[in-house]
Amino acid sequence: MKDYFKYFDKLTFVLLLLLSLIGIVLIFSAGSPLKESDYIKQMVWLFVSLAGFFIVFSLKIDFVFRNALTVYLGLLFILALQVVAGRISAGTKSWFRLGAVGMQFSEFVKIPLALVLAKTMVRFQQVTWKTFILLILLVAGPVCLIILQPDLGVSFILCSFIPIIILLKKIRPLILITSLILALLCGAIGWNSLLKDYQKNRIISFMNPSKYKTSIGYQIIQSKIAIGSGGLSGKGYLKGSQSQYQFLPARHTDFIISVIGEELGFISIAVLFFIFFIIFYRQFKFNFQSDEEFYFIYLFNGLILFQFLINVAMAIGLFPVLGISLPFVSYGGSSLLSFYIGEAIILRIKINNYLT
């Protein structure tokens, strides 16, 4: 036990916990005018996430990899069941509710999917047509089911696994070019057949939000105003006009970084960026015992990095609003739990490298 504590990455764990606590403080500010209880729910979810973290951390890594495919297929079954028989909540079938507790199972797919992709990637040196199709099918399964719910944000984030795989593995130029063409075709088909009108409007408004300032471009404009008005040091905690007077929609989820910018200023945003930088630096830079571990850590942390960048880009108007939260900070119990479970696997891998 002493050895476990000695080699446990305490700094990374403390930084993850710090991000979550910062999130709770910001969620309280975002909901304070209405005295909403979202921050209390997030505190409860943080305790649940920490419990899940240590449970998964206690498992052996070979057990985790060995059962990844079973968990992946089980989650696919649940997602399919939600599409067929799920109840609509907030416009989607993303939620499974047990009384007052809601679970978004699409958030948990990222963990077994990253594990299964990592196990698959060790079997080949270069991405051929056969392996590329296999990898695409593994990602496409949950993505298609989540789109049908519909949840464009989570499905888009899962798609980030594909470019990460391309960066990690050698790929034939013909496959890369063909995949880009197919991606454009799928995008055109999805635009005309799958996307709802409100989802299309989000993308349209992103390109010229001022034209839609009273409707679909309202979120982006208010977010920019909030961040810009905060200046270097911010207006003060609980003193942001855009957040406190509820001009800023989704301020506790998609636009929580706008609350930071308005109330605590650019300096606080820079500190938040620095915390994420330290976490990513420590996660990516250490020796790996196996290729499976290497690929999983890069896939899972690459997804977190991608989600982080997209959330920030949404807040400053450089990307369409797709309902993508800020990892570890934004309100959302299922998201928080899934990230802590993934990090538990990574920190367990790091300990194994020292103990064996």
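Just so it is clear, none of the values below were taken in a lab; they were calculated from the coordinates. From a predicted model like this one, the values you see are computed outputs, not experimental measurements. A quick note on method: Cβ atoms are made from the backbone with ideal geometry, for glycine too, and the neighbour counts reach across all protein chains shown.
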- Query: Which FRET efficiency value, to the nearest 0.05, do you get for Q246 and I203 by plugging their Cβ-Cβ distance into 1/(1 + (r/R0)^6) with R0 = 30 Å?
  - Reply: 0.75
- Note on the structure: FRET efficiency for S179 and V48 from the Cβ-Cβ distance with R0 = 45 Å, rounded to 0.05, comes out at 0.70
- Using R₀ = 56 Å, calculate the FRET efficiency as 1/(1 + (r/R₀)^6) where r is the Cβ-Cβ separation of F63 and I316; round to 0.05. 0.85
- Task: With a point put 7 Å past each Cα toward its Cβ, work out how far I189 is from L238 in nm, to one decimal.
- Result: 5.4 nm
- Query: Within the stretch 100-119, whose backbone N sits under 12 Å from a point 7 Å along Cα→Cβ of S37?
  - Reply: 100-101
- Within the set K110/K200; K60/K350; K130/K170; K41/K239, which residue pairs have Cα atoms separated by over 20 Å? K110/K200; K41/K239
- Query: Taking the chain as a Gaussian network, where each spring joins two C-alpha atoms under 10 Å apart, which residue of P249, P142, P173 fluctuates the most?
  - Reply: P173
- To the nearest 20 debye, what is the magnitude of the charge dipole of the chain about its Cα centre, counting +1 on the Cβ of each Lys and Arg and -1 on the Cβ of each Asp and Glu? 280 debye
- Charge dipole (the chain, unit charges on Cβ, about Cα centre) - positive-most of F65, Q307, L174: L174
- Query: Given springs between every Cα pair under 10 Å in a Gaussian network model of the chain, which of I269, I204, I225 has the largest fluctuation?
  - Reply: I204
- Computed over the chain: relative contact order in percent, which uses C-alpha pairs under 8 Å that are six or more apart: 29 percent
